[in-house]
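All remarks here apply to the structure that follows.
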Amino acid sequence: MKVVTIATTDLRRLLHWRANIFFLFVLPMLLILLLGAAFGASEKARIGVLGANEGRLARQFVAALGARPSTELHRYTSADALQQAVARGRVDAGLEFPAGYDARLQQGRGVTIGYFARPNSVAQQLRATVQSVAAEQSRTLAAAQVIQRDLKASFASALARAQAAAATTPRVLVQLSAPDGSAYRTTAGRFDSGASTQVLLFVFLNSLSGAAFLIETRRLGIARRILSTPTSTGTLVAGQLLGRLAVALLQALIIVLGSLLFFGVNWGEPLGTAAVLVSFCLVGTGAAVLLGSLFASEQQAGPVALLLGLGLAALGGSMAPLEVFPNTARTIAHVTPHAWANEAFSKLLKHGGDLVTVLPQVGVLLAFAAVAVTAAVWRLRHSLTV
Amino acid sequence: MVALPLRPATTAQASSENYVPCAWRSPDEADMSAWEVSPMAALRTVDAGVKGAPVGPLVHGPVLECRELHKRFGDVEAVHGVSLQIAAGETYGLLGPNGAGKTTTISMACGLLEADRGEVIVAGRPLTTRSVAAKAAIGYVPQELAIYPDLSARENLRFFARLYGLSAAAANARVEEVLAVIGLAERAREPTKNFSGGMQRRLNIGIGLLHRPQLLILDEPTVGVDPQSRNAILESVEALSAEGMAVLYTTHYMEEAERLCDRIGIVDLGELKAEGTRAELVALVGEHDRVTLEGTGDLEAAARACKSLSSVRAASVQDGGVQLIVDSARSVLPELLRTATDAGLAVSAVEVDEPDLETVFLHLTGKALRD
Ligand SMILES: Nc1ncnc2c1ncn2[C@@H]1O[C@H](COP(=O)(O)OP(=O)(O)O)[C@@H](O)[C@H]1O
Ligand SMILES: [Mg+2]
């Protein structure tokens, strides 16, 4: 089992260098944590409210907002405190009711609510929620004004009648679903998408960096020496491929188990996820060995590995989600294996997909792997025998 | 000037005389840490603990035979028609300056490089780059250090032991033996990048010994090594040869070739210019050695007696000694001493002034071995 001897020696060398623990384990976990904190969809959007006791209408507005399932209210008593909370990210947005909110509305005059937020997607969603609550209140106020004028009633009683009517008025509702008609799983955890995109980034990046091992083995004359023993070129090539694959799989396993343990990340249907990860690791293996056979020195290969590792990840939706890409960019993204794997993870993690639903993506990844490994074997054999 | 009688004509003869088969040695001769002091002792003692023949099956005929090897790199004719044979227990030296084609020849001899023309036969079997199994007969020690700097000496040895086909258990046992032989047992756990140049060289050689090859190929193993380590390396090569290993040794140091090699091939510009024992090569120069026998007794009678020997060209009494011109001091010296002693001369010192391989190289190529 010389193939295994060669592969395990590669793995042993990797783990000899303590700094690799950082790159294989600590860094991915840190990034998943950061991404989860920065962009992850938390269970509820947190909104800070100031001046909620301005009167009945203000209180009703805030109550309606708080009743929405996706919002969580935090009350503030000073503008400074609210602004700081938004700036520090303790809440996603702040809502400020002006003084005399109720009085102005009762006099039939317009009023402006202050809404301030950091420019992110959670704040955008919250703004839509706030606007819909505002629209609802405006609608009731409009009805109350009509009642007050036509029946010569007091504003308070007109408002009460309008509100009673509003409770029974038919409404137009918007149903949200995925393009294929399946329901969105809205329970996707804060760290889920960060973990699935980062596993791809790191598996590929660390695979490519591993090309240095192959280059060093050749540069030091160790590959030549291995071939002077009763070991065929085929065995050496297979051993090096297996070594790279073992590292890629180890990286994937570390991130999956680590994120599961530390952040409770949901990895979806196990078979589907395993199929996506293994086929993606095979692509990384082929790419690593190909890179290792194309360059003569680690110094040349290093920057290329970094550029390709980060560049393909960015292009393939491992830095910003594919969903936000314009159509052409999303089409172009599919030249990267990352895009196919991210697509598969999106099915598995957000839409309850399983092995069968991700088979097309897995198929494409395996084709990527076949091409990369074939080219790598051919180039590596060449580099070893010249 | 070389002072004699110091060294027998060839290492192989000397070794075979006082060579004791491994199995006869008792383990209490062991001094595992004695590599620096006496690698021969360490080697043999260690070998004694291992079952089976020390150096592979017995081969009839040469262990290595190269026939008319040719190799060209673009415009460079790196090797041009090199043929050589090495028998079991024989140490063959390829002596030539940098760029002479030694490494290229060796690469073809151990199946790492495809020859353009010619063939290589190892232990009776043809060897090409594709003959995987046949490579088990060869221990190749490359010119550059081919060891993992981040792995320990033990890890490096275990890795290659497995590649040489040893089982896990056999590999572990053999690795400990080799560690003792190369004097690295104490530091076996350290990454080799912490080692001195000499220690790294020893490990480099140790790897080639793991599977007890019939043929050991050493490519300039003493380059960049301190004198102490160099001496240790040379002694261990002598010991291995004494145990029946065939050794192919390249060097551009004349002294090493003279000391180690039974036969020497002189290479330059890819061609084997001449081949033979040291004496044979020196004889090519056509010069003769001058031998001075100092002592007391009948100088005239001694001179007359010596002159009657066929290889003695001239003999005369000078400055209280007998001065002789001989074809080859090396081959005639024992007889010369006996004859002089019989004739009544009590010899107290012998001086030989002889052409060396440096002279031979100059003679053959018109240039110095080292510039
Ligand atoms: N792979 C190669 N490609 C091109 N030229 C080479 C190669 N290997 C060796 N040479 C050339 O062949 C000649 C012999 O080299 P080499 O066998 O390394 O000599 P030595 O080992 O005696 O120093 C030199 O001129 C060297 O430059
Ligand atoms: Mg050389």
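The values are calculated or read from the model by the stated rules, or taken from the named source; none is laboratory data. Since we're looking at a predicted model, the values are computed, not measured. Don't worry about glycine lacking a Cβ; one is built from the backbone with ideal geometry, like all the others, and counts go over all protein chains shown. Side chains are part of the model used for accessible areas, which takes the heavy atoms of the whole protein and leaves out ligands, DNA and RNA. Shrake-Rupley method; radii C 1.70, N 1.55, O 1.52, S 1.80 Å.
Which of the residues in segment B:94-114 show a loss of at least 20 Å² in accessible area from their chain by itself to the complete set of protein chains, at a probe of 1.4 Å? At a threshold of 20 Å² (probe 1.4 Å), the residues of segment B:94-114 that become less exposed are B:Leu112. Dipole magnitude for the protein assembly as shown: about 5660 debye, using +1 per Lys or Arg Cβ and -1 per Asp or Glu Cβ, origin at the Cα centre. Taking 0.36 nm per residue of separation and subtracting the Cα-Cα distance, full extension of the segment from A:Leu308 to A:Leu355 would add 14.1 nm.
Between helix A:56-67 and chain A there is an angle of about 30 degrees, using the helix long axis and the longest principal axis of the Cα atoms.
What number comes out for accessible area per residue over the protein assembly as shown if the probe is 1.4 Å? Units Å², please. Using a 1.4 Å probe on heavy atoms only, each residue of the protein assembly as shown averages 45 Å². Between the helical axis of A:155-168 and the longest alpha-carbon principal axis of chain A there is an angle of about 50 degrees.
Please work out the FRET efficiency for the pair A:Arg118 and A:Ala142, using the Cβ-Cβ distance as r and a Förster radius of 35 Å; give the result to the nearest 0.05. According to the calculation, E is roughly 0.60.
Semi-axes of the equivalent ellipsoid for the protein assembly as shown, computed as √(5λ) from the eigenvalues of its C-alpha gyration tensor and ordered from largest down, come to 88, 23, 21 Å. Number of Lys-Lys pairs in the protein assembly as shown with C-alpha atoms under 29 Å apart and a separation of 8 or more places or on different chains: 17. Computed over the alpha-carbon atoms, segment B:64-282 gives an Rg to Rh ratio of 0.96, Rh here being the Kirkwood radius from the mean inverse distance.
Using only the Cα atoms of segment A:45-167, each taken as one equal point scatterer with no solvent, compute I(q) by the Debye sum, divide by I(0), and report log10 of the ratio at q = 0.13 Å⁻¹. Here log10 of I(q) over I(0) equals -0.53. Taking only the alpha-carbon positions of segment A:232-307 and ignoring solvent, what does the Debye formula give for the base-10 log of I(q)/I(0) at q = 0.11, 0.13, 0.17, 0.22 Å⁻¹? Calculated log10 I(q)/I(0) at the listed q: -0.38, -0.52, -0.78, -1.02. Sparse packing (at most 13 other Cβ atoms within 10 Å of the Cβ) combined with a DSSP loop state is found for the following trypsin sites (Lys or Arg not before Pro) in segment B:262-371: B:Lys367, B:Arg370.
Per residue of chain A, the DSSP helices (runs of n ≥ 4 H) give a summed -39500 (n - 2.57) that works out to -22500 deg cm²/dmol at 222 nm. Take the alpha-carbon centre of segment B:264-343, take the same for segment B:117-143, and report the distance between them in whole Å. The two parts, judged by their Cα centres, are 40 Å apart.
The share of C-alpha pairs in chain A whose separation exceeds 38 Å stands at 40 percent.
Over all orientations, segment B:288-354 has a Cα convex hull whose mean projected area works out to 3.5 square nanometres.
Residues in segment B:71-87 carry Karplus couplings, in order, of 8, 10, 10, x, 8, 8, 8, 5, 9, 9, x, 8, 10, 7, 9, 10, 8 Hz; the curve used is 6.51 cos²θ - 1.76 cosθ + 1.60 with θ = phi - 60°, and Gly or Pro positions show x.
Measuring nothing but how far apart in sequence close Cα pairs (under 8 Å, 6+ apart) lie, relative to its length, segment A:45-167 scores a relative contact order of 24 percent.
Of the GluC sites (Glu not before Pro) in segment B:60-126, the ones in a loop by DSSP (not H, G, I, E or B) with at most 14 other beta carbons within 10 Å are B:Glu114.
Label positions at A:Ala67 and B:Gln143, each projected 7 Å from the Cα along the C-beta direction, are separated by 8.9 nm.
Using a Förster distance of 41 angstrom, determine the FRET efficiency expected from the C-beta separation of A:Phe155 and A:Arg127, and round it to 0.05. So the FRET efficiency works out to roughly 0.90. Contact residues in segment B:119-150 (at least 50 Å² less accessible area with all protein chains than alone, 1.4 Å probe): B:Val132, B:Lys135, B:Tyr140, B:Tyr148, B:Asp150. In nanometres, what is the gap between the two model label sites at A:Arg219 and A:Ala37, each 7 Å from Cα along Cα-to-Cβ? Rounded to a tenth, the inter-label distance reads 3.7 nm.
Sorting the Cα pairs of segment B:252-371 by distance into bins of 10 Å, from 0 upward, gives 14, 40, 24, 18, 4, 0 percent per bin. Of the accessible area of chain A, computed with a 1.4 Å probe over protein heavy atoms only, carbon and sulfur atoms account for 65 percent. Using the Cβ-Cβ distance between A:Met319 and A:Gln107 with R0 = 45 Å, the FRET efficiency computed as 1/(1 + (r/R0)^6) comes to roughly 0.30. The slack between A:Arg75 and A:Ala99, meaning 0.36 nm per residue of separation minus the straight C-alpha distance, is 7.0 nm.
For segment A:280-362, the list of GluC sites (Glu not before Pro) that fall in a loop by DSSP and count at most 11 other C-beta atoms within 10 angstrom is empty. Remark: accessible area buried at the B-A interface is about 2300 Å², both chains counted, probe radius 1.4 Å.
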